[in-house]
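Working notes, beginning with the structure itself.
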Amino acid sequence: MADTKISALPASTVPLAGTEVLPIVQSSTTKQVSVANLTAGRTFDALGMTLTSTDAGAAAAPLLELYRDSASPAASDTLGEIEFNGEDSAGNKQAYGLIHASILSPTSTAEQGQLHFETSTAGALTEKMIIGTTNLVINEIGAVFNVRIEGDTDANLFYTDATNSRVGVGTISPATKLDVNGSITSADLTASTAIGADANKKLVSLVQPAFSAYMNTGQALSAVTSTKLQYNTESFDTNSNYDNATNYRFTPTVAGYYQINACFTGAPPSSGDFLISIFKNGAAVALGGYNAGLTGGFTNSPTASAVIFFNGSTDYVEVFGYVQNAQTLQTGISRSFNGCFLRGA
């Protein structure tokens, strides 16, 4: 019964007895292996094994089949495993690699399966890759498992940095989410915000925050006390970076240099010293003042302005006022705090 699979033998076939032997060719030498040694849980020593078929047809041959003949197949069932074991330095048996298949769906005519590949990490097998029905997944378990693809001349053509969740092209140490060491050509590039190029041809955001706010409620200032000014009504705020309700501060989300201006107007008749200060991150960076004399009848409007760099994340600016004599400030759109983006970082 040449070239007949054991699984294809009819039920009437006389089973082999435990005393019978099968020939296995090892290094050109035929070894005799008893059937008893091929039963479940039994092992036999072999330096190598070759499956040979003399079939001249187009069908796959020879065929090694792992068949789980289950009466109740279910999703996630493991169908078979190939283990690669060896010994460690202490003489213990150690699994170094494993390949197994599993069922995704056993539904008739819509069956789906996948292959799993595992290797040993710190003495334990961990899954590194899955080939599924519709996708290939690497590092499904979220371990520190980097992937490197070599080109013909570039050893780091494509690299995934699992530790920092970054991708490098032409580099194994990407500094950003995508770090490309080389030129990029794109027929269509879409950004989440408007972008342009600076003088160094570096891409920069074209979102340019600007705002203007004024006082529509008279704010009372105590004498000889530096007080944060509350510009509580916005004329405009292009990027929603000004807080006109709580902190009365401008916190731009685009890094760069900004022109910042501020003024307030004292109540007439005004006298004494009037000071206005622009504070960045709690420290004064610009100061303006006016002295109307002790009995002056002028309406005083001190102003201050500065060009200030912001990091685009945590830097903020606010305004403080100082009067020599207690008073309530005047309101109106001309008593404003405003700023606009000048250039990128």
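Points worth noting:
- If the condition is being crowded, with 18+ Cβ neighbours inside 10 Å, over 11 Å from F211 (Cα atoms) and not hydroxyl-bearing (S, T, Y), then the range 250-267 contributes V254, G256, A262, C263, F264, G266.
- First in the range 224-238 and open to solvent by 60 Å² or more (accessible area, probe 1.4 Å), second anywhere and in a loop (DSSP other than H, G, I, E, B), Cβ under 7 Å, 6 or more apart: V224/Q324; Q230/Q219; Q230/Y248; E234/N244; T238/P209
- Some residue of the range 240-261 being over 43 Å from the mean Cα position of the chain (by Cα) and more than 12 Å from Y316 (Cα to Cα): no
- Residue in the range 68-76 that is open to solvent by less than 90 Å² (accessible area, probe 1.4 Å) and among the acidic types (D, E) present: no
- With respect to being at pLDDT below 95, of a type in the set (D, E, K, R) and buried (at least 17 other Cβ atoms within 10 Å of the Cβ), R335 fits the description.
A quick yes/no check of all residues on (1) among the aliphatic types (A, V, I, L, M); (2) in contact with a strand residue (DSSP E or B) (Cβ under 8 Å, 6 or more places away or on another chain); (3) more than 17 Å from F250 (Cβ to Cβ); (4) part of a loop (DSSP other than H, G, I, E, B):
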position	(1), (2), (3), (4)
A306	yes, yes, no, no
D315	no, yes, no, yes
Y322	no, yes, yes, no
R335	no, yes, no, no
G339	no, yes, no, no
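The values are calculated or read from the model by the stated rules, or taken from the named source; none is laboratory data. Computed from a predicted model, the values in this text were never measured in an experiment. Virtual Cβ from ideal backbone geometry, glycine too; neighbours counted across all protein chains shown. The protein model used for the area step is the full one, side chains on, heavy atoms only, and it has no ligands, DNA or RNA in it. Shrake-Rupley method; radii C 1.70, N 1.55, O 1.52, S 1.80 Å.
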